[in-house]
1. Which loop GluC sites (Glu not before Pro) in segment 54-117, with loop taken from DSSP, have no more than 16 other Cβ atoms within 10 angstrom of their Cβ?
2. So what J values fall out for segment 16-22 if you push phi through Karplus, 6.51 cos²θ - 1.76 cosθ + 1.60 with θ = phi - 60°, rounded to Hz, Gly and Pro as x?
3. Could you run the Karplus curve 6.51 cos²θ - 1.76 cosθ + 1.60 with θ = phi - 60° over segment 96-105 and give me ³J(HN,Hα) per residue in whole Hz, x for Gly and Pro?
4. What does the net charge come to around Leu77 if you take all other residues with beta carbon closer than 9 Å to its beta carbon, with K and R at +1 and D and E at -1?
5. Mind pulling the per residue volume of the convex hull built on the Cα atoms of segment 41-126? Å³ is fine.
Amino acid sequence: MSQSFHGRDLFAPVAARLALGSDIRWLAEPMALPRAAWPDDWAAVIYVDAFGNAMCGLRGASLPADAALAVAGRRLLRAERFADRPPGAPFWHVNANGLVEIAENQGSAAARLRLSIGQEIAVLPA
């Protein structure tokens, strides 16, 4: 689960459904999503949010904790939380969806690094 937005992504939606009197038993049922020949991981930016965080097509669990990412001529190290890096410092972390995300403490990583959807990233050994 997410280190940074666990309450927002898990607890808040469930609490809202409970408050509305909804049956939440469906949350415990596994879902199978059909997929064709999609790669398990894609080392590229797949989404940039309004805050300038760049979600990548890499599962966080597939990378060693000490791996670095190379993107836009920069070497980015992992952080568990935004506050683990000084303001203005880009880094990567595992987001609430379990995907690698490039972010910046108190800033826009997309703007600083000029990131865009489809931009490739490389995984570097530590």
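What follows draws every value from the coordinates through simple rules; no lab data is involved. Just so you know, these numbers come straight off a predicted model, no measurement behind them. Every residue, glycine among them, receives a Cβ derived from its backbone with ideal geometry; neighbour counts consider all protein chains shown.
1. Values: sites: Glu80, Glu101, Glu104; in loops: Glu80.
Filter output for segment 54-117: Glu80.
2. For segment 16-22, the Karplus-derived couplings read 5, 5, 5, 4, 7, x, 6 Hz, x marking Gly and Pro.
3. So the J values, rounded to whole Hz, are 5, 8, x, 9, 5, 9, 9, 9, 9, 5.
4. Local charge sum for Leu77: +2.
5. Details: hull volume 7.1 nm³, N = 86.
Normalising the Cα hull of segment 41-126 by residue number yields 82 Å³.
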